[in-house]
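Visitor: Quick one: structure below, then a few questions.
The values are calculated or read from the model by the stated rules, or taken from the named source; none is laboratory data. Note that this is a predicted model, so its numbers are computed, not measured. Every residue, glycine among them, receives a Cβ derived from its backbone with ideal geometry; neighbour counts consider all protein chains shown.
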């Protein structure tokens with residue numbers, strides 16, 4: 001049974017049907033924090049920031065079979081940014097592609113969940129990312145292959161704003177436009193933070209949308225922490241009848257949902273004190289309870 | 001050395017018959033004047049293969065013409081992918097195609113694969129052990145265009161890459177056979193290509209390519225030349241010439257550089273009494289010569305050992321015969337070096 005479309009994010013499984021996307025995003029954030037706690041540090045701010053995007057991708061947009069991650073009909077999700085693995089593992093656990101108890105092994109010896117995502121290690125991890133700027137080019141090959149097989153699946157490639165510094169990203173953008181890859185949906189997480197500082201201060205990629213447009217792409221730019229906006233953007237990208245690749249540029253907030261982490265400067269690789277993990281989880285839980293009480297938009 | 005050390009006025013240099021020597025262009029053949037040749041052996045072999053292998057696709061970065069992939073592109077336009085002059089996306093997209101069940105034959109020049117696209121080959125193709133065949137023209141010193149096009153260190157670069165099989169074929173016959181053999185093998189391969197009208201040599205010796213196998217093409221009691229690629233044809237020519245001087249030269253052809261056929265190399269080099277010369281169209285750093293040296297040393301086999309190969313330098317531009325002679329890989333230079341070591 002493939003995942004059903006719909007804003008409810010409904011899907012069969014132990015985590016229940018008709019679970020809201022807000023609930024999915026909350027659970028993804030929780031899982032990421034629990035994994036972060038295992039290592040005591042990590043790319044947790046990125047995971048919290050991109051959780052809403054992953055919730056919409058995995059529980060609204062994409063088709064897949066949790067028990068058969070290599071199913072030929074699945075939409076392919078490529079994680080170009082290998083260090084976002086903690087975020088994707090959380091989505092894969094929530095999607096029941098990975099068992100939840102394995103999160104305790106995150107980053108450990110012989111774990112299937114290494115700190116940087118690799119194809120040979122993890123069910124549902126389509127590519128070995130991490131050498132930044134590779135994903136979009138690999139996605140092109142997936143798209144060309146699917147077209148040659150007349151397979152209607154989509155290829156999603158999640159890349160970061162930092163990866164916009166890489167020339168290979170733009171080689172691939174030019175190539176995707178040239179090949180009119182209407183089965184390609186790139187997602188750019190613009191969280192304005194890379195290793196050495198704020199992304200546009202490192203290398204100014206703005207105005208970003210017009211750049212992709214000039215390369216022949218259909219462009220959506222949304223608040224990447226606004227679930228209804230994301231749903232609408234993913235729907236338009238998937239349903240577009242034009243023969244061109246699509247990009248959803250998502251402006252996200254690093255560490256979204258945990259204000260004391262959001263406030264930390266230089267949060268590319270967050271160090272979190274031992275007692276702060278419980279505090280962060282507690283903040284998430286309380287905010288979720290409030291949202292449910294208020295009847296959730 | 002000054003930045004402009006080569007930038008002083010020169011007079012026109014003429015060849016031995018008073019002819020004007022020209023830079024060997026990309027489309028130039030390495031064939032000698034009287035050598036038998038076959039046209040575009042890689043392209044024709046791939047077309048033949050594609051008849052029974054629908055998953056084979058061709059991909060290039062604006063070099064189908066100069067890598068003989070155009071033959072395939074003409075025969076199977078719907079299975080040919082022009083990726084533009086972008087070697088990174090070429091290799092990445094090939095990896096994606098392989099993930100979808102295709103077997104991409106990817107072509108560019110050896111310099112661009114080994115230098116520019118290395119990270120993409122490493123992480124997208126080799127690390128995932130994907131079934132991509134990277135077939136590259138202008139290996140070693142096979143163009144007179146200078147360092148921008150001379151891939152003198154391609155083998156050294158790819159030897160360090162886990163999972164990568166490396167093939168350095170000698171002639172048209174071997175290119176055809178090796179194309180079929182690497183298609184039958186599942187996994188990433190880097191193959192050096194000779195293109196255009198490629199010399200035909202090994203058919204005279206009843207030779208058949210086998211992946212991973214070194215073969216004695218000619219036996220001899222005085223010298224054992226261990227060679228790959230076009231240096232095997234040079235070694236065979238040198239052996240013929242040296243036999244007139246009563247020097248008996250054996251030639252062990254090693255077209256698979258990795259994984260290396262250490263068993264055959266140790267057996268032949270261990271026979272004793274022969275000068276062992278490794279000859280390669282590659283820098284003496286990190287290629288077949290050092291691979292053989294390490295194999296011998298680790299096994300405690302210690303014959304008199306010499307290397308014929310390109311110097312550890314950025315090489316000159318110019319006419320290919322001049323350059324081959326200058327850097328010691330022409331037939332004449334091979335003969336001179338061997339004689340000097342005996």
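Visitor: From (1) in contact (Cβ under 8 Å) with a residue 40 or more places away in the chain; (2) in contact with a strand residue (DSSP E or B) (Cβ under 7 Å, 6 or more places away or on another chain); (3) in a loop (DSSP other than H, G, I, E, B), pick out the condition that doesn't hold for residue B:225.
Guide: So residue B:225 meets the others, but not (3).
Visitor: Considering each residue of the stretch A:239-266, count those that are out of contact with any strand residue (DSSP E or B) (no Cβ under 6 Å at 6 or more places or on another chain) and buried (at least 19 other Cβ atoms within 10 Å of the Cβ), and give that number.
Guide: Number of matching residues: 6.
Visitor: Still on this model: Scan the stretch A:270-283 and tell me whether some residue there is surrounded by 17 or more Cβ atoms within 10 Å (Cβ to Cβ) and closer than 30 Å to residue A:141 by Cα.
Guide: Within the stretch A:270-283, none of the residues are surrounded by 17 or more Cβ atoms within 10 Å (Cβ to Cβ) and closer than 30 Å to residue A:141 by Cα.
Visitor: Which one of these is more than 12 Å from the chain's Cα centre (by Cα), exposed (fewer than 15 other Cβ atoms within 10 Å of the Cβ), within 14 Å of chain B (Cβ to nearest Cβ) and free of Cβ contacts under 8 Å to residues at least 60 places away in the same chain: A:70, A:126? It would help to see each step written out before you state the result.
Guide: Numbers: A:126 fails: exposed (fewer than 15 other Cβ atoms within 10 Å of the Cβ).
Residue meeting the stated conditions: A:70.
Visitor: Considering each of B:128, B:87, B:48 in turn, give the residue that is within 13 Å of another protein chain (Cβ to nearest Cβ), modelled with pLDDT of 95 or more and surrounded by fewer than 24 Cβ atoms within 10 Å (Cβ to Cβ). Write out each step before concluding.
Guide: On the way: B:87 fails: surrounded by fewer than 24 Cβ atoms within 10 Å (Cβ to Cβ); B:48 fails: within 13 Å of another protein chain (Cβ to nearest Cβ).
Within the list B:128, B:87, B:48, the selection yields B:128.
Visitor: Being modelled with pLDDT of 95 or more, in contact with a helix residue (DSSP H, G or I) (Cβ under 9 Å, 6 or more places away or on another chain) and either under 18 Å from residue A:20 (Cβ atoms) or not in a helix (DSSP H, G or I) (or both) is the filter here; which residues of the stretch A:253-290 pass it?
Guide: A:253, A:254, A:255, A:256, A:257, A:258, A:284, A:285, A:287, A:288
Visitor: Looking at the structure I just gave you, is residue A:111 crowded, with 18+ Cβ neighbours inside 10 Å and farther than 18 Å from residue B:103 by Cα? Quick ask: steps written out before the conclusion?
Guide: Details: crowded, with 18+ Cβ neighbours inside 10 Å: no; farther than 18 Å from residue B:103 by Cα: yes.
Spelling it out, it is not the case that residue A:111 is crowded, with 18+ Cβ neighbours inside 10 Å and farther than 18 Å from residue B:103 by Cα.
Visitor: Next question, about the same structure. Given the residues A:240, A:144, A:174, A:230, which is the only one that is under 18 Å from residue A:75 (Cβ atoms) and within 13 Å of another protein chain (Cβ to nearest Cβ)? Before you say what the answer is, go through the steps one by one.
Guide: On the way: A:240 fails: within 13 Å of another protein chain (Cβ to nearest Cβ); A:174 fails: under 18 Å from residue A:75 (Cβ atoms); A:230 fails: within 13 Å of another protein chain (Cβ to nearest Cβ).
Of the residues listed, the single one that is under 18 Å from residue A:75 (Cβ atoms) and within 13 Å of another protein chain (Cβ to nearest Cβ) is A:144.
Visitor: Take residue B:57 and tell me if it is farther than 30 Å from residue B:324 by Cβ and either within 14 Å of chain A (Cβ to nearest Cβ) or surrounded by 20 or more Cβ atoms within 10 Å (Cβ to Cβ) (or both).
Guide: Values: farther than 30 Å from residue B:324 by Cβ: yes; either within 14 Å of chain A (Cβ to nearest Cβ) or surrounded by 20 or more Cβ atoms within 10 Å (Cβ to Cβ) (or both): yes.
Yes.
Visitor: Out of B:257, B:329, B:338, which single residue is part of a strand (DSSP E or B), modelled with pLDDT of 95 or more and surrounded by 14 or more Cβ atoms within 10 Å (Cβ to Cβ)?
Guide: Numbers: B:329 fails: part of a strand (DSSP E or B); B:338 fails: part of a strand (DSSP E or B).
The conditions single out B:257.
Conditions (1) free of Cβ contacts under 8 Å to residues at least 60 places away in the same chain; (2) in contact with a helix residue (DSSP H, G or I) (Cβ under 7 Å, 6 or more places away or on another chain); (3) facing another protein chain (nearest Cβ under 9 Å), marked per residue:
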{"position": "A:99", "(1), (2), (3)": "yes, no, no"}
{"position": "A:121", "(1), (2), (3)": "yes, no, no"}
{"position": "A:136", "(1), (2), (3)": "yes, yes, yes"}
{"position": "A:205", "(1), (2), (3)": "yes, yes, no"}
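Visitor: Let me ask something additional. Residues B:238, B:269, B:250: which one is in contact with a strand residue (DSSP E or B) (Cβ under 8 Å, 6 or more places away or on another chain), farther than 19 Å from residue B:30 by Cα, outside the structural domain of residue B:156 (by TED's automatic domain parsing) and surrounded by 22 or more Cβ atoms within 10 Å (Cβ to Cβ)?
Guide: Step by step, each of B:238, B:269, B:250 is checked, and only B:269 is in contact with a strand residue (DSSP E or B) (Cβ under 8 Å, 6 or more places away or on another chain), farther than 19 Å from residue B:30 by Cα, outside the structural domain of residue B:156 (by TED's automatic domain parsing) and surrounded by 22 or more Cβ atoms within 10 Å (Cβ to Cβ).
Visitor: Let me ask something else. Could you figure out which of (1) out of contact with any strand residue (DSSP E or B) (no Cβ under 9 Å at 6 or more places or on another chain); (2) in a strand (DSSP E or B) isn't true of residue B:198?
Guide: Only one criterion in (1) out of contact with any strand residue (DSSP E or B) (no Cβ under 9 Å at 6 or more places or on another chain); (2) in a strand (DSSP E or B) is unmet by residue B:198, namely (1).
Visitor: Let me ask something additional. Hey, does the stretch B:63-72 have a residue that's surrounded by fewer than 20 Cβ atoms within 10 Å (Cβ to Cβ), more than 9 Å from every other protein chain (Cβ to nearest Cβ) and closer than 14 Å to residue B:106 by Cβ?
Guide: no
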